[in-house]
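Take a look at the structure set out below.
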Amino acid sequence: MTTTINPFAVQTPESMTPSEVVELFEPVPDVDAINHPGHTFINGQRGSGKSMLLRWLSPECVMLARNVTPTQLPFLSVYLSIKQAQLDLPELKRLEGMGSGAVLSEHLLVCLLIVKVLDTWKNIFHSQLQQPNAIQQFKERVEKKIVPRFRACGWKDNFSSDQLGNGIEICEWLQDTVDLIHVETVAGFVQRLGLESEPLRWSGPLLGYQTVLLPLIRELRALPGIPEELPIFILLDDADNLNIDQTKVLNSWVAQRTTDFVSLKISTQMRYKTFLTHSDNGRIEAPHDFSEILLTSVQVGGGGSSYEAWLTTVLTKRLQKLGLNVDPNTLFPEDAKQVAAIEEIKNGYRAKAKTDGPRGYRANDDVYRYSRPDYMTKVSGNAKGSYRYSYSGFTQLIHLSSGIIRFFLDPAARMFSEQIKKNDGKPVTVIDPDIQNKVLREISDNLIFQELDKMRQDAAISSWLTHTSDLLSALKKLKNLVEALGATFRMILLDTNRSERRVFSILLNDEPTDEVNEIIKLGIFLGYFQEASIGAKDGLGRTRRVVLTRRLAPYFNLDPIGFSGYLSVTREYLQRAIHDPHSVRGRIKSEGVDSFTQQTQLDFSFEGGM
Amino acid sequence: MKKMSALEFAQEVKALQPSTFITCASFESRCVEIAKIISEQTSVKTLCFHVDKTCASTQKNRTEIAELKWPAYKEAGLYISNPLASSDTVLRSVSSLSASEANAILVDVSTFTHEHLAMLIKALLNRDLLRFTHFAYVGVNVYGVNPSDESEPLWLSRGAAAVRSIVGYPGMLRPSRAVHFIALVGFEFERIRVALDESEPGSVSLGVGEAIESVTPGHYSENKRFYDKVAAFVEEKSANPSFIERFDFSCIDPKKAKQKILEIAAKHVDCNVVLFPMNTKLSTVGAIFASLDEPSIQLAYVEPVEYNVNNYSSGIDGFRLVSAIELSGEEIPMSSLFSAQ
């Protein structure tokens, strides 16, 4: 069974039909909180599957997955993409930090959500809204409950219930009304805000979360044919794109006890601006105010890790959808000569363990820790030799993806396309190890040479760079730090005297300087690092661990597989690394790795994660 | 729109007798060309903007402009990363220009950023000075030479620090509508890619310069190359073939560019139209006037991380001149402060 259609092509969740989503989506373990009432933050780097998770919660997908009707839905979600909402108008900065900024921010957000709520009602409860008793009640509720609230918020237009037709038309009238309020606010007031530095008076309506949105949802939920106790989930995607006032407004919503009725499910790319609310000293915290789901797994360990099992299920679904009943291991074989050579080294360790005893605790520890690094050392006899190591095989691909599904799918899609070309269009049954290696090395090189140099940033990052003069300078320091770490880890890999040669992370025992902290934060946001914590040796508290993305393994010729040791680095190492990575390499070459780092042997009961 | 030699342009300027000259000093050497001609032909009050992240070549050009013969000369600093502060500076600077004294205002649009140029035009409109304004432009022979990288022989800027609407052009976005993205593609891929990623549009119209309406044939072939790259990216992102529409526009005639944009926007009246002008400043003038004519269009900008300051452009390829009246067809649109809808 073969296919020429690329099973790894990445589609945006919005472009997928509900049946495609339900067919392909596999819930990540530990995301059960998202299915239940309660505010939840879903954090993950770009490509980790946040939007897909939220799409899966859409009522169309839930009905299909659980084979239920609209009135049997366990919850009803309303989706808003903050990016598409275009909320962060530069003119609003004029009001930042002022009470009026918060009020206007809430008003704009509420306008958008009202329209989305009504869209959802029209789409899901279409037939319920057409029933005569529902229409009658809807009209009454609009006239007696909803319009008075709009008026109380400053809406002044003339209204007559004669304007209202059937249930769908009532929804559309409400949407048009809110649309116009939004236009008036933006095109009128916000535009003037940008063009006049003197304070401006706004006399238009100001719609609020408690004053309009929640009451509207209550009235909609009370209509005949709609489950009265139906939990409502408001899904806000990419909330990092909110400005500071808007973020505080959202936090204030999270702080409110509405979860028996409305729950907020908020996705971020780990650069959420603040957890403060608008009240004095107010702050939202987990688990008191919300639960958190972190979609990025740092635990990419040996066989049986949850990420590996999950990814295998996702890939198998994708392959099966196209009639390809092939195991991913078969589709992505490792270079056969390399496998044989590493197996020979493994046999050597097993034999030596029998005669001389294992170097580590068990023979298998030696096999696991040293075989591949020994092979990598062997093939790197000269500069070009480093490139004889092949980054191929399903296991290596999993580890190189660093726990983010997008970082598996994108390279896999490219490999598949190249294999099709190599096959002259004939179906693909296997992806050549050479192609796998080439694509992974290209991507790794690109990460250093092009992406870091042409990296896109949000202005929010520039605004929190207080210890680095500008964004360009910060990116250069990040590149320096990445280069220094990669070079250090490579030197450790080649040092056959070391007990653990696969090192991929650093432990921050000393609190780094603010400048270094900013660079690490930038690296985490851009996907070069992931952060975890580990129990402190003295048993008191936890220590920060910064993990280099395994996507850079091909660039630095590192072994990406399995758990690895970490370096306990000094403040001096980090400070030198960001300013002068060559001096770090020079000192390690002349005085050894331990001259200003201290490697710690990894305990295999390591927990990982945040 | 006629391309003129330096001599022809000088004669036009002399006939125009502008009372005010507005320009922007930049790292590009062409920013002094029109200033030199103006200072030799007329006696004008001059307002020279410059961007805060100055580099040696900007400083040099700024000094060269300042040392030309002006009866009155003012400078004002603008910001790449602070649009509100830039807008305030532009408004303040323009407010000192007197409508009663205005004969003609000549703006050298060549080396403003797209964003700052839009702010300037809005400020002139709000002071009722736009009807006196003429826009001048210096074409260049070669853009963005990159001798160190064969894989990308041309680069103008790198990275994208922010994507935002331009102050004064927020559009009339309706929450119930999807975004329709319009871009006038120039010589940059990264900024448009980021703009697309950030906007998440429901549909896209991509514009490429027409061959006969490009500054030079060489520019056309480069423009086409970047356009193809952007189009391939958009197609890869969407399985829906009707997601992307292609159109040609004029890089040298703002009136034609404006008409084309309005034509495209009119096909998407049920969408929130967001417009990214990223080609010549002449086509950007057209985009700005399209937004003034149709305030529902949001004008947007992608702030780059860095510019190719050493090799952004070289060589001069003629001068062009157009009046605001010509662009608006006799009627300058009312200041948007008085027409919110």
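Rounded to the nearest 0.05, the FRET efficiency derived from the C-beta distance between residue B:56 and residue A:20 at R0 = 56 Å is 0.55. Each other residue within a Cβ distance under 13 Å of residue B:87 adds +1 if Lys or Arg and -1 if Asp or Glu, for a net charge of +2. Rounded to whole Å, the principal axis extents of the Cα atoms in chain B read 60, 51, 35, largest first. Multiplying the residue separation of residue A:173 and residue A:198 by 0.36 nm and removing their Cα-Cα distance gives an extension gain of 5.4 nm.
Entry note, the protein assembly as shown: the mean residue ellipticity at 222 nm calculated from DSSP H runs of n ≥ 4, each adding -39500 (n - 2.57), is -12500 deg cm²/dmol after division by the residues and rounding to the nearest 500. Residue B:92 versus residue B:314, label points 7 Å from Cα toward the beta carbon: distance in nm? About 3.9 nm separates the two model spin labels. Across the protein chains, with a 1.4 Å probe defining accessible surface, the residues A:330, B:46 rank A:330, B:46 from largest area downward.
The residues of chain A have, on average, 41 Å² of accessible surface per residue, using a 1.4 Å probe with all protein chains present. Residues whose amide H lies under 5 Å from that of residue B:47, counting only those 5 or more places away or on a different chain, are B:21, B:22, B:23, B:74; hydrogens are built 1.01 Å from N in the peptide plane.
Please work out how much length the chain gains when fully extended from residue A:476 to residue A:426, using 0.36 nm per residue of separation minus the C-alpha to C-alpha distance, in nm with one decimal. Write out the running numbers ahead of the final one.
Details: separation 50, 0.36 × 50 = 18.00 nm, distance 4.46 nm.
Value of the extension gain: 13.5 nm.
Electrostatic bookkeeping for residue A:180 treats Lys and Arg as +1 and Asp and Glu as -1; over the other residues with beta carbon under 9 Å from its beta carbon, the sum is -3. Residue-normalised convex hull volume from the C-alpha trace of segment A:1-152: 187 Å³ per residue. Taking label positions 7 Å along the Cα-Cβ direction at both residue A:313 and residue A:160, the computed distance is 5.9 nm, reported to one decimal. Its residue count N sets the reference 2.2 N^0.38 Å, and the alpha-carbon radius of gyration of the protein assembly as shown equals 1.02 times that reference.
Compactness of segment B:75-214 is given as radius of gyration and Dmax, 17.8, 55 Å, from Cα positions. A straight line joining the Cα centroids of segment A:41-70 and segment A:467-497 runs 37 Å. A simple spin-label model places the labels of residue A:320 and residue B:236 3.0 nm from each other, with each point 7 Å out along Cα-to-Cβ. What do you get for Rg/Rh of segment B:189-287 when both radii come from the Cα atoms and Rh is the Kirkwood radius? That ratio is 0.95, to two decimals.
Taking the Cα centre of segment B:120-206 as origin and assigning +1 to Lys and Arg Cβ atoms and -1 to Asp and Glu Cβ atoms, the resulting dipole is close to 640 debye. When the accessible areas of B alone and A alone are added and the area of the pair subtracted, with a 1.4 Å probe, the result is around 3700 Å², both sides summed. Of the trypsin sites (Lys or Arg not before Pro) in segment A:77-156, the ones in a loop by DSSP (not H, G, I, E or B) with at most 15 other beta carbons within 10 Å are A:156.
Paramagnetic label reach from residue A:127 (point 7 Å along Cα→Cβ; backbone nitrogen cut-off under 20 Å): within segment A:58-81, residues A:59-77.
Legend: calculated FRET efficiency, residue A:143 to residue B:269, from the Cβ-Cβ distance at R0 = 25 Å, rounded to 0.05, equals 0.20.
Legend: calculated FRET efficiency, residue A:256 to residue A:344, from the Cβ-Cβ distance at R0 = 60 Å, rounded to 0.05, equals 0.40.
For residue B:219, the accessible area of its heavy atoms, probed at 1.4 Å with every protein chain present, is near 20 square angstrom. Estimated at 0.36 nm per residue, the fully extended path between residue A:594 and residue A:35 surpasses their Cα-Cα distance by 196.4 nm. For the set A:83/A:273; B:224/B:281; A:116/A:317; B:69/B:122; A:116/B:256, the pairs lying more than 27 angstrom apart at their alpha carbons are A:116/A:317; B:69/B:122; A:116/B:256.
The values are calculated or read from the model by the stated rules, or taken from the named source; none is laboratory data. On a predicted model such as this, the values are computed, not experimentally measured, just so you know. Backbone-built Cβ (ideal geometry, glycine too); neighbour counts: all protein chains shown. Each accessible area value is taken on the protein alone, full model and side chains, heavy atoms only, with ligands, DNA and RNA left out. Shrake-Rupley method; radii C 1.70, N 1.55, O 1.52, S 1.80 Å.
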